[in-house]
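Participant: The structure's right below; bear with me while I get my questions together.
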Amino acid sequence: VSWRAGSLPPVMCAGDQSLFTSLYTSLAQQLPKEPMEWRRSYGRAPKMIHLEANFVQFKEELLPKDGNRALLTFPFLHIYWTDCCDTEMYKASVKDDMLRWQSTLRLDGSVDWLIVVVESEAKKKNKTNILPRTSIVDKIRNDFCNKQSDRCVVLSDPLKESSRSQDSWSSFLTKLRTLLLMSFTKNLGRFEDDMRTLREKRTEPGWSFCDYFMVQEELAFVFEMLQQFEDALVQYDELDALFTQYVLNFGAGDGANWLGSFCAPVKRWSGLLLRRPIDMEKRELIQRGEASLLDLRSYLFSRQCTLLIFLQRPWEVTQRALELLHNCVQELRLLEVSVVQGALDCWVFLSCLEVLHRIEGCCDRAQLEANCSHTVGLWTYATEKLKSLGYLCGLVAEKGPTSEDLNRTVDLLAGLGEERPETVNSLQSPYKKLNEALSSVEAFEKHYLELSHAAMEMYRAIGRMRSSRLIGKSLAEFYMKKGDPERAECFLDDSLRSYVAEGWSLQVTHTRKQMAECQKLLQQTEDYLQTSALLAGDANLTEEERKHFYQVILTFASQPPAPSDQTVALSMAAFAQLRQMQFSPPGAVVHVGAALQLELRVRCLMPVAVQVEQLAATLHFSLEQGGARGRAGGTQRRTGQEPQGQGDGVVLFPQGSSLAGAGMGASLPPALELYEMQDRSPSDSSLNSTGVVCKNMHLLLRRHDSSASLDTPTAGALPRSSVTLSLLVGLSFSLPPLSTLSVGRVQFVQSHIYPVVQYEVYSQEPQLTIEPLSDNLLAGIPQKVKFTIATGHYNVKKGDALQLSNTDSMPILHSSCCSATILSSTGERVGERALSVQSSEKVTSISLPPTPPYHTLEFQLEVLCHIPPTPFKPDIERLTNGEVRHRPKSHSQADSGMIHIDQKVSIDCPWSIYSTLISLTFYVPFKAKHSILSAGKRKYIQVCLQNVSDTNFQLADPVLTERQPTIPTVCSQQSVFCLWEMRWAKHLPLCLQCAFSASFAPVSASDAHTAFKPYRYEFQLDRTLYSLKAEILPSSGDQHCRTGALCGLEVSITRQAEPSETEGEEEESTEIEGLRTTKLMYEVVDNSSNWAVCGKSSGVVSMPVAASATHRVQMEVMPLFAGHLPFPNIKVFKYLPHSAVPAIQPDTDSCLENDTMSLLDKGLDDQGDTASIRSRGSIHSVGSGEQQRGLPMPRLEPFSPGQVFYWSQGRQVLVLPVTDDHVMEVNVT
Amino acid sequence: MLTRLKTQVPLFSMNSYTKLGEKLKLSGLSLASTHSHVIRLGRHNSKMAVCIAVIAKENYPLFIRSVPVQNELKFHYTVHTSLDVVEEKISAVGKAMADQRELYLGLLYPTEDYKVYGYVTNSKVKFVIVVDSSNTSLRDNEIRSMFRKLHNSFTDVMCNPFYNPGDTIQSKAFDSIVSAMMVQAS
């Protein structure tokens, strides 16, 4: 069977050859122009097909012999051409010829034939006695196509350009195509049936795959001939699958006899051959049943490849090629075919390159580059195979190939055979490449590197970094074998980094071992030690290996250091893990000079016990601003930062998986560390905002691929001595970002510790606080206050004393038994010492017992605050130390109604040149009020003493008049009322300064100790100066007042008292014609809207300064309502005209002073009080002077209570309603 | 010449040789009788995986087990390299299509000795199953069902409140599922 690509299905033409020759060109052109639908059996989808045919001359010997079903040369259609239009001629020769043709066909069994009668006008004209043309056709139809009249076709004037001619052409072509297709369908169908029958016999003993292969391939050829490449490919795929299945069955123990030939030892491994459409050599081998498995596979693939390239699917070729190669290797293994070692590698290598060459031949560069992902697999496979060949043939060994290797190489090259003629002339054929690569070490290296780099480049281009690194790693292995560690290093490093980054511990270990070897060769001592340390701690290695690497470190460590050498710093991560850190005291807050214990728990990762010579930690000092926040703030922050701290001072360090070893830790994604954050306003610590903060954001958000600095130790200058804390005041220390372990010359450094551990060191100024023992200090009674001295950094020496300036208002009562307690900074009681208090006139000195720094000294003293006389006046106190200060101010507390006194104490402390001012607040337990009850000229004084404190007091000697025999008890929040009547002696002053004094003592105190303390309340009483009488008179003629009617209001003002000497100052009197008068202003005001004042409601009267002088004023008022109405209010004021000059003479001033003096309690300090009064006077004068200048207006001044007596207070007058407009409202319910 | 194909018959895609047999049935050329011989007589004692790996979203192994143990390193390399293809396949599916994406990624890549199959959960946890190339009896569907089983078991592991996501898997239940899928070292 000979068939070449591009063949067409044959159509045999008989009859008039010259006629056919004239029509051949147009026929061959016209036939494929229009597609035909090809309906097919077995449910295969119909397809449109363009038909072509190879028209050959009918020759009997070309007809297939009986039984020969070869499809390739099978004439699918027979055509008989004739242009006979003459009946005579037809009968004479044409008919016989046709009969002969028909009988030959019948003999052959061909039923696909067609008779074409060509008519031409030219021929008809020549013959005059012609029969109607149809008669010839009819005759032929009658003679030959007894039932198939369509087997005879008329073609009219085929060589002319007429519509008739074209019509006949197209109908002819349609007929031709239909018949061709029918023939195809019928013959191919029959062929397929036969083929299937043959296949079903495959279980029979004599069945041969090779024979069947030839049959089915013929079908494939026909499909290819029909340009049905898909169908052709299916044929090969079926053959492929069938063969595969057999191999598998064979592998499963179900061997077929015919497979024996394929199991023969492989003798040739020349690779695929894809440059020919059909590899006839191999085909013949198959045909003869002599093909090896590789031959068959190679041939099958070459055919599939050809068809796929026809189908423009080159990338499927590469994919299938890779599968084929893998599969062949597997199949040979399965069939247990004996193959020379390395032969398969050669075959695969050659095949890979052959496929790649083939693909390169049919694609342009851009296409190839875009489809790297399809070809890279083949490149890699070829690289792998070349590498294993290189190792096999001793081309990688440092010493070069041995004679044994050379023999092997020769054997392998022999199996390649001669180079194929197709590639003999090309410079870069796979055959030449392999030959060259195996010929010398240098050539091998060149080719291997070339392939490796090409594959790596491609992988990188399509983003398959891991695959690229894997090749890089095998390159590194190659370089190591070649004794070229320098070039190996970068590949190893690259791979190692990616494995570490992605956390593949086995790869890390493996690569690291290679790395160690490489570094050892390169004499990179530090790196080598580092890698060794990592390997020594690697749980993936065996105990022996780990010990070996550990020994490497020990050996180095024990070497005497060369003078130039310094210690080697390695990352500690490999050597040991910091597990836990414990502070004692747990808060990790210490004062300067105190000891802070830090307990480290370190896990050794080495396989054996290690003796560590030194352990050092580096501290990072961070100066913390705002020492004012103090310790409390500091500790709060700390607890926030260390959730693991749990308050017991323990910091746990997160551990990577212990199984995976040190390399693993880096790859695990760090857990989110979230903390609550609160933002408080600095002024009142109210919450402004709150949120969650991720503390290790820098770890989470970093780029993952290129975290380079994993194993690089920070080889800075490491402090070798242990840490001494220099005295830094008011700072906090955050702790060790670096810690170091040393073994001999080797140091292991942990460059940072996470979470950040820190402790705080603070320095404190000595501090003195005085606070009451009870909630409130009460004035007037002795009470204890607690002195607390936090010594801070100050060491209280013997002889140090507190100097308290004495104030008269608050004496310090020293008791005999006074002792101080000393507490340590943690609040433990250290001891108790006696305290001596010495008091001189000016200062009280408290000598302190010696106390070490950062301790607390506590003692109590009794103090008493005198109650100043009430009401308090604003004045100035001069402190004993010469400073002028405002006197303790008293304020009324709004809530409790208690008056409190801020008592300042000035203390000189031994640690400071400045005095400390401490303010103590005392509360006055009493509140006193007085009221004057007048009845005409008789006056009663009521004093109300209210206890506003929480303590119960007993009260004694309320003095204003005679002794009171009873001792009232004033309970908390209760009041005591005292009442006195006043009787006027002659010539009493107009006003009287009174003082109420009483003694009090807390009820609770036992009687023996009851020391009554004085309480004073000062007030002023005034004599009645004027009496005021009002009378309402109804309008004339009326008995009663009526609403709406004007009434008279008569006010009479009577002077009650004689003028006195001092009166001139109290009242502004003027001398008019020898009569002293004083001006008064009266005013009628009705607040309750009962009255309307008509006319003038106020006026100024001049009153003579004499007893019983009376002034009457008439006014008119109108009642607005009926009933008993209270009188309208009448007020009287002192009227001071603007011209009045305040005459404050020095003598009067002193007189006033004397007056006051007499009423003052003699117990008070003279100096202080005179000073106060003097200054009061000066203030007064200044004030009036200002008034004088700024306000040239008459002034009104009210009388003090009790100076004016209202006779008509509370009087009512009857007002009758107006009769006319009386409206009565009656509501009946 | 001018002959062209107007319509195309659905083609065989030669993904694997074993798959082909199934497909050929459709073409009307039955190979049924051939198949019947295959599965019964396995030379390999089971049709199972040789290496099973679970890989975290961040591409570090959560679980990896292989048989036989001597070859462990090689499997680790194989699985690790296969991540390249997994990533390629994931990114090949557009973002919009990510929801409908099939979890099973199919054959990642064949090597001479092994076939590597991949599967990606929606949370980007990868499952990789390595099968011996000589183990031809394993069909695509069986691989799929293995992945499904693996996924179910993995979900159970994740549901364990004591399991910290991201940790290596140390679950007996998961272990036994994996063991059942693996070739028992013969």
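The values are calculated or read from the model by the stated rules, or taken from the named source; none is laboratory data. No experiment lies behind these values; they were computed from the predicted model shown. Every residue, glycine as well, gets a Cβ built from its backbone with ideal geometry; the counts of neighbours run over all protein chains shown.
Participant: Only one of A:ALA894, A:ALA928 is of a type in the set (Gly, Ala, Ser), modelled with pLDDT under 80 and either surrounded by 14 or more Cβ atoms within 10 Å (Cβ to Cβ) or touching a helix residue (DSSP H, G or I) at 6+ places or on another chain (Cβ under 9 Å) (or both). Can you tell me which? Quick ask: steps written out before the conclusion?
Facilitator: Values: A:ALA894 fails: either surrounded by 14 or more Cβ atoms within 10 Å (Cβ to Cβ) or touching a helix residue (DSSP H, G or I) at 6+ places or on another chain (Cβ under 9 Å) (or both).
Among A:ALA894, A:ALA928, only A:ALA928 is of a type in the set (Gly, Ala, Ser), modelled with pLDDT under 80 and either surrounded by 14 or more Cβ atoms within 10 Å (Cβ to Cβ) or touching a helix residue (DSSP H, G or I) at 6+ places or on another chain (Cβ under 9 Å) (or both).
Participant: Determine, yes or no, whether A:GLU384 is within 11 Å of chain B (Cβ to nearest Cβ) and within 15 Å of A:ASP240 (Cα to Cα). Show your work before the answer.
Facilitator: Values: within 11 Å of chain B (Cβ to nearest Cβ): yes; within 15 Å of A:ASP240 (Cα to Cα): no.
Here the answer is no, as A:GLU384 does not meet what is asked.
Participant: Further question on the same structure: In region A:166-216, what count of residues is obtained for those that are hydroxyl-bearing (Ser, Thr, Tyr), buried (at least 18 other Cβ atoms within 10 Å of the Cβ) and either away from chain B (no Cβ under 14 Å) or farther than 29 Å from A:GLU238 by Cβ (or both)? I'd like the intermediate steps shown before the answer.
Facilitator: Let us first name the residues in region A:166-216 that are hydroxyl-bearing (Ser, Thr, Tyr), namely A:168, A:170-171, A:174, A:178, A:183, A:185, A:197, A:203, A:208, A:212.
Among the residues that remain, those that are also buried (at least 18 other Cβ atoms within 10 Å of the Cβ) are: A:168, A:183, A:212.
With either away from chain B (no Cβ under 14 Å) or farther than 29 Å from A:GLU238 by Cβ (or both) added as a condition, the list becomes A:168, A:183.
Final tally of qualifying residues: 2.
Participant: Consider region A:462-478. How many of its residues are part of a helix (DSSP H, G or I) and closer than 19 Å to B:LEU108 by Cβ?
Facilitator: Filtering region A:462-478 for residues part of a helix (DSSP H, G or I) gives A:465-478.
If we keep only those that are closer than 19 Å to B:LEU108 by Cβ as well, we get A:465-471.
Residues meeting the conditions: 7.
Participant: State all residues of region A:1197-1229 that are modelled with pLDDT of 75 or more and at positive phi; if no residue qualifies, say none.
Facilitator: Residue satisfying the conditions is A:GLY1210 alone.
Participant: Return the pairs, sorted by first residue and then second, in which the second residue is assigned to a helix (DSSP H, G or I), the first residue lies in region B:142-158 and is without any contact (Cβ under 8 Å) to a residue 60 or more places away in the chain, the beta carbons are less than 7 Å apart, and the residues are 6+ apart or on different chains.
Facilitator: B:LYS149/B:ILE177; B:SER153/B:ALA173; B:SER153/B:PHE174; B:SER153/B:ILE177; B:ASP156/B:ALA173; B:VAL157/B:PHE174
Residues are listed down the side, and each one gets a yes or a no for (1) surrounded by fewer than 12 Cβ atoms within 10 Å (Cβ to Cβ); (2) modelled with pLDDT under 80; (3) within 60 Å of the chain's Cα centre (by Cα):
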{"residue": "A:GLN30", "(1), (2), (3)": "no, yes, no"}
{"residue": "A:GLY43", "(1), (2), (3)": "yes, yes, no"}
{"residue": "A:GLU52", "(1), (2), (3)": "no, yes, no"}
{"residue": "A:VAL56", "(1), (2), (3)": "no, yes, no"}
{"residue": "A:ASN68", "(1), (2), (3)": "yes, yes, no"}
{"residue": "A:LEU72", "(1), (2), (3)": "no, yes, no"}
{"residue": "A:ILE79", "(1), (2), (3)": "no, no, no"}
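Participant: Out of A:SER338, A:SER270, I need the residue that is assigned to a loop (DSSP other than H, G, I, E, B), closer than 20 Å to B:SER134 by Cα and either more than 14 Å from chain B (Cβ to nearest Cβ) or touching a Lys or Arg at 6+ places or on another chain (Cβ under 6 Å) (or both). Which one? Give the derivation first.
Facilitator: Numbers: A:SER270 fails: closer than 20 Å to B:SER134 by Cα.
Unique residue meeting the criteria: A:SER338.
Participant: Now for a different question. Looking only at residues in region A:1091-1101 that are of a type outside the set (A, V, I, L, M, F, W, C) and modelled with pLDDT of 80 or more, which one is nearest to A:THR1077 (Cα to Cα)? Break it down into steps so the answer makes sense when it comes.
Facilitator: Kept after step one, since they are of a type outside the set (A, V, I, L, M, F, W, C), are these residues of region A:1091-1101: A:1095-1099.
Next cut, modelled with pLDDT of 80 or more only: A:1098-1099.
On the way: A:SER1098: 19, A:GLY1099: 16 Å.
So the residue we want is A:GLY1099.
Participant: Of A:LEU226, A:LEU233, A:LEU248, which residue is touching a Ser or Thr at 6+ places or on another chain (Cβ under 7 Å) and within 9 Å of another protein chain (Cβ to nearest Cβ)?
Facilitator: Within the list A:LEU226, A:LEU233, A:LEU248, the selection yields A:LEU248.
Participant: Considering only residues that are touching a residue at least 40 places away in the same chain (Cβ under 8 Å) and among the small types (Gly, Ala, Ser), look in region A:362-378 and name the one that is farthest from A:LEU470 (Cα to Cα).
Facilitator: Residue satisfying both the conditions and the ranking: A:SER373.
Participant: Tell me, which residue of region A:510-527 that is of a type in the set (S, T, N, Q) and surrounded by fewer than 24 Cβ atoms within 10 Å (Cβ to Cβ) is nearest to B:ILE64 (Cα to Cα)?
Facilitator: Taking the candidates together, the pick is A:GLN514.
Participant: Something else about it: What is the residue count in region B:91-119 for residues that are crowded, with 18+ Cβ neighbours inside 10 Å, in a strand (DSSP E or B), within 14 Å of chain A (Cβ to nearest Cβ) and at pLDDT 85 or above?
Facilitator: Counting residues in region B:91-119 that are crowded, with 18+ Cβ neighbours inside 10 Å, in a strand (DSSP E or B), within 14 Å of chain A (Cβ to nearest Cβ) and at pLDDT 85 or above gives 5.
Participant: Same structure, new question: Just to be sure I understand, how many residues within region A:152-205 are outside any helix (DSSP H, G or I) and aliphatic (A, V, I, L, M)? Before you say what the answer is, go through the steps one by one.
Facilitator: Residues of region A:152-205 that are outside any helix (DSSP H, G or I), as a first pass: A:152-162, A:204-205.
Filter once more, keeping what is aliphatic (A, V, I, L, M): A:153-155, A:159.
Of the residues in region A:152-205, 4 are outside any helix (DSSP H, G or I) and aliphatic (A, V, I, L, M).
Participant: Among the residues of region A:908-915, are any in contact with a His (Cβ under 7 Å, 6 or more places away or on another chain), at pLDDT 75 or above and either among the charged types (D, E, K, R) or surrounded by 17 or more Cβ atoms within 10 Å (Cβ to Cβ) (or both)?
Facilitator: Initial filter on region A:908-915 (in contact with a His (Cβ under 7 Å, 6 or more places away or on another chain)): none.
No, region A:908-915 has no match at all.
Participant: Continuing with the same structure: Could you list all residues from region A:810-830 that are in contact with an Asp or Glu (Cβ under 8 Å, 6 or more places away or on another chain) and either of a type in the set (A, V, I, L, M, F, W, C) or at pLDDT below 75 (or both)? Spell out how you get there, then give the answer.
Facilitator: To start, the set of residues in region A:810-830 that are in contact with an Asp or Glu (Cβ under 8 Å, 6 or more places away or on another chain) comprises A:812-815, A:819-823.
Within region A:810-830, A:ILE812, A:LEU813, A:HIS814, A:SER815, A:ALA820, A:ILE822, A:LEU823 meet the criteria.
Participant: Another question about this same structure. What are the residues in region A:782-800 that are in contact with a Ser or Thr (Cβ under 8 Å, 6 or more places away or on another chain) and either more than 18 Å from A:THR856 (Cβ to Cβ) or free of Cβ contacts under 8 Å to residues at least 60 places away in the same chain (or both), if any?
Facilitator: The answer is A:GLN783, A:ASN795, A:GLY799.
Participant: In the list A:ALA256, A:ALA291, A:ALA232, A:ALA264, which residue meets the criterion of being touching a helix residue (DSSP H, G or I) at 6+ places or on another chain (Cβ under 9 Å) and at pLDDT 85 or above? Please lay out each step first, then the result.
Facilitator: Values: A:ALA256 fails: at pLDDT 85 or above; A:ALA291 fails: at pLDDT 85 or above; A:ALA264 fails: at pLDDT 85 or above.
That would be A:ALA232, the only listed residue that is touching a helix residue (DSSP H, G or I) at 6+ places or on another chain (Cβ under 9 Å) and at pLDDT 85 or above.
Participant: Scan A:ILE781, A:ILE753 and give me the residue that is in contact with a Lys or Arg (Cβ under 7 Å, 6 or more places away or on another chain) and either of a type in the set (A, V, I, L, M, F, W, C) or at pLDDT below 80 (or both).
Facilitator: The unique qualifying residue is A:ILE781.
Participant: Can you find, within region A:491-509, the residue that is farthest from the chain's Cα centre (by Cα) among those that are surrounded by fewer than 23 Cβ atoms within 10 Å (Cβ to Cβ) and more than 13 Å from chain B (Cβ to nearest Cβ)?
Facilitator: Restricting to residues being surrounded by fewer than 23 Cβ atoms within 10 Å (Cβ to Cβ) and more than 13 Å from chain B (Cβ to nearest Cβ), the top hit is A:ASP493.
Participant: Now, a different point. Would you pick out the residues in region A:298-316 that are more than 11 Å from chain B (Cβ to nearest Cβ) and either under 18 Å from A:LYS267 (Cα atoms) or under 54 Å from the mean Cα position of the chain (by Cα) (or both)?
Facilitator: A:SER298, A:TYR299, A:GLN312, A:PRO314, A:TRP315 - these are the residues of region A:298-316 that are more than 11 Å from chain B (Cβ to nearest Cβ) and either under 18 Å from A:LYS267 (Cα atoms) or under 54 Å from the mean Cα position of the chain (by Cα) (or both).
Each row is one residue, and each column tells you yes or no for (1) out of contact with any Ser or Thr (no Cβ under 8 Å at 6 or more places or on another chain); (2) among the polar types (S, T, N, Q).
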{"residue": "A:HIS78", "(1), (2)": "no, no"}
{"residue": "A:TRP81", "(1), (2)": "yes, no"}
{"residue": "A:LYS95", "(1), (2)": "yes, no"}
{"residue": "A:ARG100", "(1), (2)": "yes, no"}
{"residue": "A:SER103", "(1), (2)": "yes, yes"}
{"residue": "A:SER110", "(1), (2)": "yes, yes"}
{"residue": "A:LEU114", "(1), (2)": "yes, no"}
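Participant: With respect to the numbered conditions (1) under 19 Å from B:SER82 (Cβ atoms); (2) loosely packed, with under 14 Cβ neighbours inside 10 Å; (3) of a type in the set (Phe, Trp, Tyr), which one is the sole condition not fulfilled by B:PHE127?
Facilitator: (2)
Participant: Using the structure shown, decide if A:GLY253 is at the interface with chain B (Cβ under 8 Å from one of its Cβ atoms) and out of contact with any Phe, Trp or Tyr (no Cβ under 9 Å at 6 or more places or on another chain).
Facilitator: Numbers: at the interface with chain B (Cβ under 8 Å from one of its Cβ atoms): yes; out of contact with any Phe, Trp or Tyr (no Cβ under 9 Å at 6 or more places or on another chain): yes.
When the stated conditions are applied, A:GLY253 passes them.
Participant: Within region B:48-90, which residues are among the polar types (S, T, N, Q) and either away from every other protein chain (no Cβ under 11 Å) or over 17 Å from the mean Cα position of the chain (by Cα) (or both)? If you could, list the steps in order and put the result at the bottom.
Facilitator: So the first thing to find is which residues in region B:48-90 are among the polar types (S, T, N, Q), and the list is B:59, B:66, B:70-71, B:78, B:81-82.
Selection gives B:ASN59, B:GLN70, B:ASN71.
Residues are listed down the side, and each one gets a yes or a no for (1) within 14 Å of chain A (Cβ to nearest Cβ); (2) part of a helix (DSSP H, G or I); (3) surrounded by fewer than 19 Cβ atoms within 10 Å (Cβ to Cβ):
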site	(1), (2), (3)
B:LEU138	yes, no, no
B:SER145	no, yes, yes
B:PHE154	no, yes, no
B:PRO165	yes, no, yes
